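Visitor: Sharing a structure with you now.
The values are calculated or read from the model by the stated rules, or taken from the named source; none is laboratory data. The model shown is predicted, which means the values in this text are computed figures rather than measured ones. Heads up, the Cβs are rebuilt from the backbone with ideal geometry, glycines too, and the neighbour counts pull from every protein chain shown.
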Amino acid sequence: MTIIVKAPAKINLVLDATAKRPDGYHDVHMVMTTVDLADRLELTELASGEIRMNAQHAYVPNDERNLAYKAAAVLKERFDIKSGVEIYLEKHIPVAAGLAGGSSDAAATLRGLNELWKLDLTLEQLAEIGAEVGSDVPFCVMGGTAIATGRGEKLEKLVSPPPCWVVLAKPTIGVSTADVYGALDLKTAERPDVEAMIEAVKNQDFTAICDALGNVLESVTLPMHPEVEQIKAFMTSCGAEGVLMSGSGPTVFALTEHENRAQRLYNGLRGFCNEVYVVRLLGENH
Ligand SMILES: C[C@@](CO)(OP(=O)(O)O)[C@H](O)COP(=O)(O)OP(=O)(O)OC[C@H]1O[C@@H](n2ccc(N)nc2=O)[C@H](O)[C@@H]1O
Ligand SMILES: Nc1ncnc2c1ncn2[C@@H]1O[C@H](COP(=O)(O)OP(=O)(O)O)[C@@H](O)[C@H]1O
């Protein structure tokens, strides 16, 4: 039996880190939402009990380092599953981009295996298992829009923002999430107003959402990679209503309500960025 699952990317509308914890993680306070740029996974049951990974992408590992593989291994171990799975992964989300591509693949694997291995677990149970694989995996299991706290695994559902166009541009650099958090100085970094974003989303106020966009990790990634700031400035000059770096970067997203403006942004960005996408925010569910 084969099951096909989609793994959508996320963006962080607001991201604050409130404290560095003794376990090496940061307590965060953020609003995340999914967009309709997705990887596609095919999960085929294997009687042999093996987990096999087939990602066919130069920068994505085909062994236990792959987050989809890890998710399958954690689930198999936890429920003592005798069957195995072959995971065929078609990558569309840019890698090491701040878009949670790997975390979303892990989450999609958990959702798909729940069906394939007939485990009958709730999304909440899958999210809790996902936290063992990565901080962003629980959000990716739930999808939609949420306020995330803890190290990212504590979730509170939020209404989705009003529909708009999202233009994503990734410069040709990858950044390590651990390095970015590692270099964060909470004493000097400019902090975003998370409550203002939550209010803006609840009020479905697009202008207020654009005004409240903020990411404390820009204080690390922007000085390290000037091209990220250049993309932000270019997007703003093209009339984007809101512009922000997603997660630890380096992907920058622009929000606009106007299709012609999204197209103009796309055409302009293609000049100096290989990876540019025009997508929509996803609704409540994937
Ligand atoms: C920054 C964010 C924002 O959504 O996304 P990305 O840029 O990765 O997409 C996340 O917090 C990334 O979550 P995720 O990518 O799952 O991180 P993990 O694998 O759990 O952790 C990788 C490393 O990042 C650091 N880390 C991660 C999460 C967190 N709340 N505090 C941290 O300090 C730790 O050093 C950890 O060892
Ligand atoms: N399924 C996967 N897709 C992408 N990268 C993966 C995957 N599994 C493991 N990785 C590794 O994780 C690193 C970060 O990947 P990714 O999830 O795309 O970044 P981010 O968390 O910044 O969005 C990559 O450099 C890659 O080596």
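Visitor: Out of ALA100, ALA68, ALA106, I need the residue that is under 30 Å from CYS273 (Cβ atoms), crowded, with 24+ Cβ neighbours inside 10 Å and without any contact (Cβ under 8 Å) to a residue 40 or more places away in the chain. Which one?
Guide: Working: ALA100 fails: without any contact (Cβ under 8 Å) to a residue 40 or more places away in the chain; ALA68 fails: without any contact (Cβ under 8 Å) to a residue 40 or more places away in the chain.
It is ALA106.
Visitor: How do the pairs read when you match residues in the stretch 141-165 that are without any contact (Cβ under 8 Å) to a residue 60 or more places away in the chain with residues anywhere that are within 11 Å of ligand 1 (Cβ to nearest atom) and of a type in the set (S, T, N, Q), using Cβ under 9 Å and keeping only pairs 6 or more apart or on different chains?
Guide: GLU153/SER135; LEU155/THR149; GLU156/THR149
Visitor: Filter the stretch 63-101 down to the residues that are under 17 Å from GLY130 (Cβ atoms) and of a type in the set (Asp, Glu), then identify the one that is nearest to the chain's Cα centre (by Cα).
Guide: It comes out as GLU64.
Visitor: Being within 24 Å of SER48 (Cα to Cα), touching a Lys or Arg at 6+ places or on another chain (Cβ under 7 Å) and either at pLDDT 95 or above or among the small types (Gly, Ala, Ser) (or both) is true for just one of ALA108, ALA148, ALA71. Which residue is that? I'd like the intermediate steps shown before the answer.
Guide: Values: ALA148 fails: within 24 Å of SER48 (Cα to Cα); ALA71 fails: touching a Lys or Arg at 6+ places or on another chain (Cβ under 7 Å).
Being within 24 Å of SER48 (Cα to Cα), touching a Lys or Arg at 6+ places or on another chain (Cβ under 7 Å) and either at pLDDT 95 or above or among the small types (Gly, Ala, Ser) (or both) holds for just one of ALA108, ALA148, ALA71, which is ALA108.
Visitor: With the condition being in contact (Cβ under 8 Å) with a residue 24 or more places away in the chain and over 14 Å from VAL31 (Cβ atoms), I'd like the helices (runs of 4 or more DSSP H) fully within the stretch 171-286 carrying at least 2 qualifying residues. I'd like the intermediate steps shown before the answer.
Guide: Details: elements: 177-182, 194-202, 206-212, 218-224, 226-237, 259-269.
By residue number, 177-182, 206-212, 218-224, 226-237, 259-269.
Visitor: So for the stretch 252-267 (the condition being at negative phi, surrounded by 14 or more Cβ atoms within 10 Å (Cβ to Cβ) and within 16 Å of ligand 2 (Cβ to nearest atom)), does at least one residue qualify?
Guide: yes
Visitor: Restricting to the stretch 65-79, name every residue that is within 16 Å of ligand 1 (Cβ to nearest atom), under 15 Å from SER103 (Cβ atoms) and part of a helix (DSSP H, G or I).
Guide: Pass one, the stretch 65-79, residues within 16 Å of ligand 1 (Cβ to nearest atom): 65-71, 73-74.
Those left that are additionally under 15 Å from SER103 (Cβ atoms): 65-71, 74.
Matches in the stretch 65-79: LEU67, ALA68, TYR69, LYS70, ALA71, VAL74.
Visitor: GLY239 - would you say it is on the phi > 0 side of the Ramachandran plot and buried (at least 24 other Cβ atoms within 10 Å of the Cβ)?
Guide: Details: on the phi > 0 side of the Ramachandran plot: yes; buried (at least 24 other Cβ atoms within 10 Å of the Cβ): no.
No.
Visitor: Among the numbered conditions (1) away from ligand 1 (no atom under 13 Å from the Cβ); (2) in contact (Cβ under 8 Å) with a residue 12 or more places away in the chain; (3) β-branched (Val, Ile, Thr), tell me where VAL28 comes up short.
Guide: Condition (1) is where VAL28 drops out.
Visitor: Using the structure shown, decide if LEU119 is touching a residue at least 40 places away in the same chain (Cβ under 8 Å) and farther than 12 Å from MET32 by Cα.
Guide: Values: touching a residue at least 40 places away in the same chain (Cβ under 8 Å): yes; farther than 12 Å from MET32 by Cα: yes.
Yes, satisfied.
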